[in-house]
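K.L.:
This structure is in structure tokens; I'll ask about it shortly.
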Amino acid sequence: MNRRPVVTIDGPAGAGKSTISKLLASRLSFFYLDTGALYRAFAYRLKCEGWDGTEQKIADICREMKVSLKNEAGRFRVLVDGEDVSEKIRTEEIGLLASKISAIPLLRKHLLPVQREMAVVGGVVAEGRDMGTVVFPEAEIKFFLDASVGERASRRYLELVEKGQPVILKDIENDLIRRDCQDRERSVAPLTVPTDAVVIDSSDKSVSQVVEIMIAVIERRYPLAKPFSE
């Protein structure tokens, strides 16, 4: 069997990476890897325990915490010590904390081999902030998905409202601006565009349009009849 490629999708918060990555993985029959969920899971655990801001606490959790990612019947699930926290980790508060701790070298070192192990046989769509630059620098196909701050804020607002969360659009926009700064200016693995990535601005594109653009790029480089066959 020919090894199937690793596809990475990087980009800022709220650009639509999760939705598009899930659909793309489904279309290709690939495993969907939401690496940001790993950092959100750690952030959730820290919040529950009342993080004191020290790296010692991070080290303790790295030794004790068991986190797993599962794709079951088309649903992406995140388990922390056996608890399904898939919805609990999707708040803006957890997102901001995850962005902050993702710059801590100790945690990144702990999670890097976990992420790479999930893609060792290929056939993975991995989305995050540094998939194509740090985690999978040798990935066969890389995308950078972007959108304006206003568009990203509007999408996130509608998403949270649908989940019944009380939110204010301006607050979400301000949070995104702060997260953009944190992600782009951190000293460890900052958010950057991989030099060999295909950049897609989704501001004026539907989810299906973006997925079709990606499928076209992948099929040009890896004709499905051969690389994806067993």
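K.L.:
Output the qualifying pairs, or none if there are none: Cβ atoms under 8 angstrom, residues six or more apart or on different chains, first residue in the stretch 53-78 and of a type in the set (Lys, Arg), second residue exposed (fewer than 10 other Cβ atoms within 10 Å of the Cβ).
P.N.:
66/82
K.L.:
Further, regarding this structure: Which of the residues belonging to the stretch 28-43 are assigned to a helix (DSSP H, G or I), among the small types (Gly, Ala, Ser) and either over 25 Å from residue 124 (Cα atoms) or in contact (Cβ under 8 Å) with a residue 60 or more places away in the chain (or both)?
P.N.:
Taking the stretch 28-43 first, the residues assigned to a helix (DSSP H, G or I) are 28, 35-43.
With the extra rule that they be among the small types (Gly, Ala, Ser), the set shrinks to 36-37, 41, 43.
Hit for the stretch 28-43 is 36, nothing else.
Residue-by-condition table, conditions (1) at pLDDT 90 or above; (2) part of a strand (DSSP E or B); (3) surrounded by fewer than 20 Cβ atoms within 10 Å (Cβ to Cβ); (4) over 18 Å from the mean Cα position of the chain (by Cα):
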{"residue": "134", "(1), (2), (3), (4)": "yes, no, yes, no"}
{"residue": "151", "(1), (2), (3), (4)": "yes, no, yes, yes"}
{"residue": "155", "(1), (2), (3), (4)": "yes, no, yes, no"}
{"residue": "160", "(1), (2), (3), (4)": "no, no, yes, no"}
{"residue": "170", "(1), (2), (3), (4)": "yes, no, yes, yes"}
{"residue": "173", "(1), (2), (3), (4)": "yes, no, yes, yes"}
{"residue": "176", "(1), (2), (3), (4)": "yes, no, no, no"}
{"residue": "187", "(1), (2), (3), (4)": "no, no, yes, yes"}
{"residue": "190", "(1), (2), (3), (4)": "no, no, yes, no"}
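K.L.:
Sticking with this structure for a sec: Can you tell me which of 107, 46 is crowded, with 18+ Cβ neighbours inside 10 Å, part of a helix (DSSP H, G or I) and either acidic (Asp, Glu) or in contact with a Leu (Cβ under 8 Å, 6 or more places away or on another chain) (or both)?
P.N.:
46
K.L.:
Okay, next question. Considering only the stretch 110-132, state which residues are closer than 27 Å to residue 155 by Cα, part of a helix (DSSP H, G or I) and modelled with pLDDT under 90.
P.N.:
Of everything in the stretch 110-132, nothing turns out to be closer than 27 Å to residue 155 by Cα, part of a helix (DSSP H, G or I) and modelled with pLDDT under 90.
Residue by residue, here is whether (1) touching a Lys or Arg at 6+ places or on another chain (Cβ under 6 Å); (2) acidic (Asp, Glu) holds:
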| site | (1), (2) |
| --- | --- |
| 53 | no, no |
| 61 | yes, no |
| 65 | yes, no |
| 81 | yes, yes |
| 100 | no, no |
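K.L.:
Let me ask something additional. Scan the stretch 26-36 for residues that are among the aliphatic types (A, V, I, L, M) and either buried (at least 23 other Cβ atoms within 10 Å of the Cβ) or in contact with a helix residue (DSSP H, G or I) (Cβ under 6 Å, 6 or more places away or on another chain) (or both) and report the count. Let's see the steps before the verdict.
P.N.:
Initially, the stretch 26-36 is screened for residues among the aliphatic types (A, V, I, L, M), giving 28, 33.
Those left that are additionally either buried (at least 23 other Cβ atoms within 10 Å of the Cβ) or in contact with a helix residue (DSSP H, G or I) (Cβ under 6 Å, 6 or more places away or on another chain) (or both): 33.
Residues that pass the stated criteria total 1.
K.L.:
How many of the residues in the stretch 155-199 are within 28 Å of residue 217 (Cα to Cα) and of a type in the set (Ser, Thr, Tyr)?
P.N.:
2
K.L.:
Another question about this same structure. Kindly indicate whether residue 114 is crowded, with 17+ Cβ neighbours inside 10 Å and of a type in the set (A, V, I, L, M). I'd like the intermediate steps shown before the answer.
P.N.:
Details: crowded, with 17+ Cβ neighbours inside 10 Å: no; of a type in the set (A, V, I, L, M): yes.
Against the criterion (crowded, with 17+ Cβ neighbours inside 10 Å and of a type in the set (A, V, I, L, M)), residue 114 does not qualify.
K.L.:
So residue 68 clears everything in (1) of a type in the set (S, T, N, Q); (2) modelled with pLDDT under 85; (3) in a helix (DSSP H, G or I) except one condition, right? Which one?
P.N.:
Tallying (1) of a type in the set (S, T, N, Q); (2) modelled with pLDDT under 85; (3) in a helix (DSSP H, G or I), residue 68 fails exactly one: (3).
K.L.:
From the list 13, 98, exactly one residue is surrounded by 13 or more Cβ atoms within 10 Å (Cβ to Cβ), of a type outside the set (Phe, Trp, Tyr) and not in a helix (DSSP H, G or I). Which is it?
P.N.:
13
K.L.:
Kindly provide the set of residues from the stretch 117-132 that are surrounded by fewer than 18 Cβ atoms within 10 Å (Cβ to Cβ) and of a type in the set (D, E, K, R), ordered by number.
P.N.:
Result: 117, single match.
K.L.:
So in the stretch 73-82, with the set limited to residues that are surrounded by 13 or more Cβ atoms within 10 Å (Cβ to Cβ) and either at pLDDT 90 or above or touching an Asp or Glu at 6+ places or on another chain (Cβ under 9 Å) (or both), which one is farthest from residue 22 (Cα to Cα)?
P.N.:
78
The values are calculated or read from the model by the stated rules, or taken from the named source; none is laboratory data. Please read these numbers as outputs of a predicted model, since none were measured by experiment. Cβ: placed from backbone, ideal geometry, glycine included. Neighbour counts: every protein chain shown.
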